[in-house]
Amino acid sequence: MGVWEVPPQENTVSDAHYDEIAERYEDVLFYDPDSPYHRWLVGRALAHLALSPSHRLADIGGGAGAFALELAAAAELREPVLVVEPSAGLSERAIEREGLVVEALDAEAFARQEGPRLDRILMKEVVHHLDPERLDVLYQGLYARLAPGGRLVTITRPLDPPYPLFAAAREVWRRNQPPAELFADAMGRAGFGLERHDERYPLEVERDTWLAMIGRRFWSTFSAFDDEALAAGIAELRAAHAAGPLRFDDHLIVLVAERL
Ligand SMILES: C[S@@+](CC[C@H](N)C(=O)[O-])C[C@H]1O[C@@H](n2cnc3c(N)ncnc32)[C@H](O)[C@@H]1O
């Protein structure tokens, strides 16, 4: 891998964003546990994690724990999944769910902790929140927390995602989404063996549903805009897309890192 320039980071994402949306976090297109998209995603995560029932799994940035519970059920895990989640609102919701152990920590604090060795670690839609300057410390710590042969699976998105975003939101996305190679390089320096996979899923959503999701700031990208700027962005998209279904792919980048 080459040397990658890190785009300037603007921390539009904060605990406040996730605390604010904690109660309704799962009721949108990408997080609805009953959707075919979600079933596909669980299947792909299971395949990349190669989970078996005896594995100890941690889901870092695991939100309210719904995805962790689905993985646990599908893989028939014998031990509860450890959810590591710094947002107070989301970790409190995860604590209420049976079958999880919850640590209200951020990824680096968790990586630096001593603890029982894990077989699998998942970081799904989390790494764009991390401090790029701290990745070496993070991945060295996670390497140490894994048992030999253990896996760290990162699911993230590209710099130019295929979603209908208004121009200013696309800019914010680009500023906040480091290239996957930044993480891959840091994992390589920590000693991990690495594979990259690109997964795509064709999505269809009514334009007005998509616009309403943006209006609810369903992704932290939209928390960079005040109400007026968000309304202007939504108007831009309404003018650009006819009423009716919008079709676009979800594109996920999966980095499978193995402790050798
Ligand atoms: C887009 S959500 C993804 C949640 C969950 N992994 C999923 O895919 O449904 C991003 C999550 O990362 C968490 N997060 C943000 N910064 C973090 C950090 N430094 N360490 C660990 N988690 C973090 C947020 O609180 C939030 O739960």
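Please treat every number below as a calculation from the coordinates, not as lab data. The shown structure was predicted, so the numbers you read here are calculated from the model rather than taken from an experiment. Please note: Cβ atoms are built from the backbone with ideal geometry, for glycine as well, and neighbour counts cover all protein chains shown.
Full extension of the chain between Glu228 and Arg112 yields a length gain of 37.6 nm, computed as 0.36 nm times the residue separation minus the alpha carbon distance. Provide Ser223, Ser52, Ser91 in ascending order of the number of other Cβ atoms located within 10 Å of each residue's Cβ, fewest first. Fewest to most other Cβ atoms nearby, the residues stand as Ser52, Ser223, Ser91. Measuring nothing but how far apart in sequence close Cα pairs (under 8 Å, 6+ apart) lie, relative to its length, the chain scores a relative contact order of 22 percent. Of the GluC sites (Glu not before Pro) found in the range 108-141, the ones in coil according to DSSP and having at most 15 other Cβ atoms within 10 Å of their Cβ are Glu114.
Magnitude of the charge dipole for the chain, about its Cα centre and with charges confined to Cβ atoms of Lys, Arg (+1) and Asp, Glu (-1), is about 760 debye. The Kirkwood hydrodynamic radius of the range 51-179, based on inverse pair distances between different Cα atoms, is 15.5 Å. Each peptide in 30-38, 245-253, 55-63 was scored by the mean count of other Cβ atoms within 10 Å over its residues; highest first, the order is 55-63, 245-253, 30-38.
Farthest toward the positive end of the dipole of the chain, out of Val127, Ala88, Gly149, is the Cα of Gly149, where the dipole comes from beta carbon charges about the Cα centre.
Under 5 Å from the amide H of Val83 lie the amide H atoms of Asp59, Val101, Val102, Glu103, each residue being 5 or more positions distant or on a separate chain, with H modelled from the backbone and absent for Pro and chain starts. According to the Kirkwood relation over distinct C-alpha pairs, the hydrodynamic radius of the range 179-259 is 15.4 Å. State whether the range 29-73 is rounded, prolate or oblate according to the following rule on the C-alpha gyration tensor (a ≥ b ≥ c being the square roots of its eigenvalues): a/c under 1.5 gives rounded; otherwise a/b larger than b/c gives prolate, and the remaining case gives oblate. Oblate. Shape class of the range 73-121 from the Cα gyration tensor (axes a ≥ b ≥ c, square roots of the eigenvalues): oblate, since a/c reaches 1.5 or more and a/b does not exceed b/c.
Using a cutoff of 8 angstrom between alpha carbon atoms and counting only pairs six or more residues apart, the relative contact order for the range 188-260 works out to 63 percent. Peptide packing for 40-50, 212-222 was compared via the average number of neighbouring C-beta atoms within 10 Å per residue; ordered from the highest value, the list is 212-222, 40-50.
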